[in-house]
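Structure first, commentary second.
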Amino acid sequence: MRIGIIGAGHIGSTLAGHLAGIGHDVALANSRDPSTLKDVVAGIDGPVSAVDAAQAARFGQVVVVSVPFGRIYDLPTAELRDKVVVDTCNYYPERDGDDAELDTDTTTSSEKLRDLTDADLVKAFNAVHWETLRDGGRPKGSPERIAIPLSGDDEEAKAVVSGLIRDMGFDPVDAGYLGGGGRRHQPGTPVYGSELSAHDMERWLHVT
Ligand SMILES: NC(=O)c1ccc[n+]([C@@H]2O[C@H](COP(=O)([O-])OP(=O)(O)OC[C@H]3O[C@@H](n4cnc5c(N)ncnc54)[C@H](OP(=O)(O)O)[C@@H]3O)[C@@H](O)[C@H]2O)c1
């Protein structure tokens, strides 16, 4: 599959390594000239190229957005329209600036990105620490296999992202729709930053 990744930091570059490592064609972008990603790309064993954000968005059949939430307004939104977009972003006011709607829980960060892009948005990888994502993958059936929660309104898009999660060595657990489900794996929830099995993830996602 062709996968664009916008944001080449802890999460974006870790996902690029995993996805290229299992044979996907990856185009990776940060906010600067693609030449600044030379070392990141050289450290990945698999088909990955450095591009700009608009190119990554156009390239991907699936496009991962992994930037500080406050930077979503700089994204190439037209190129993301109707794509399957994976949103790893979290809202931290001290980093991203205050957002009154998020502070009052009128909406969620993922719904804001969905509204900005008109994409088939799947919130995933937001609740896993990048080092767990880098090192925590285990074969299917391993008792140590960790769950990754995801949410979204488009079942087909969620199925695609669930497959990618499985292929990276984690168990996807569907938390529900983007709004209600996404709220169950935001910062501050019991599952955020957890390393739970799928069984325990299912239980804790529904503890309010
Ligand atoms: N760190 C974690 O363990 C973790 C876990 C789960 C979720 N998250 C969330 O996932 C997101 C990314 O986290 P991170 O830790 O990977 O961040 P990070 O290490 O700070 O990297 C952020 C990346 O986003 C890029 N970026 C910023 N604005 C951009 C734009 N307009 N276009 C293209 N690229 C842009 C940056 O590029 P430049 O270097 O060029 O600025 C950088 O490559 C955040 O929302 C974070 O809250 C983080």
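Label zone (T36, point 7 Å along Cα-to-C-beta; backbone nitrogen cut-off 17 Å) within the stretch 72-102: 72-76. Farthest towards the positive end of the charge dipole of the chain, among the residues A27, Y92, Q55, is the Cα of A27, using unit charges on the Cβ of Lys, Arg, Asp and Glu.
DSSP assigns beta bridges within the chain; of those with both partners inside it, close to 10 percent run antiparallel. In this Cβ point-charge picture (+1 for Lys and Arg, -1 for Asp and Glu), the chain has a dipole of about 500 debye about its Cα centre. Our Cα-only numbers for the chain put the radius of gyration and Dmax at 15.8, 46 Å. Legend: calculated FRET efficiency, A54 to H206, from the Cβ-Cβ distance at R0 = 41 Å, rounded to 0.05, equals 0.55.
Look at the alpha carbon pairs under 8 Å that are at least 6 residues apart: their mean separation over the length of the chain gives a relative contact order of 16 percent. Only helices enter the 222 nm calculation for the chain: every DSSP H run of n ≥ 4 contributes -39,500 (n - 2.57), and dividing by all residues gives -9500 deg cm²/dmol, rounded to 500. The spacing between the stretch 109-157 and the stretch 1-28, judged by their C-alpha centroids, is 14 Å.
Of all beta bridges that DSSP places with both ends in the stretch 94-208, some 40 percent have antiparallel geometry. Extending 7 Å from the Cα toward the beta-carbon at both E195 and Q61 defines two label points whose distance is 3.3 nm.
Residue ranges 99-107, 44-52 sort as 44-52, 99-107 when ordered by packing (mean number of other C-beta atoms within 10 Å per residue, highest first).
Computed from the coordinates by the stated procedures, all read-outs in this text should not be read as laboratory data. Predicted, not measured: the structure shown is a model, and the values here were computed from it. Backbone-built Cβ (ideal geometry, glycine too); neighbour counts: all protein chains shown.
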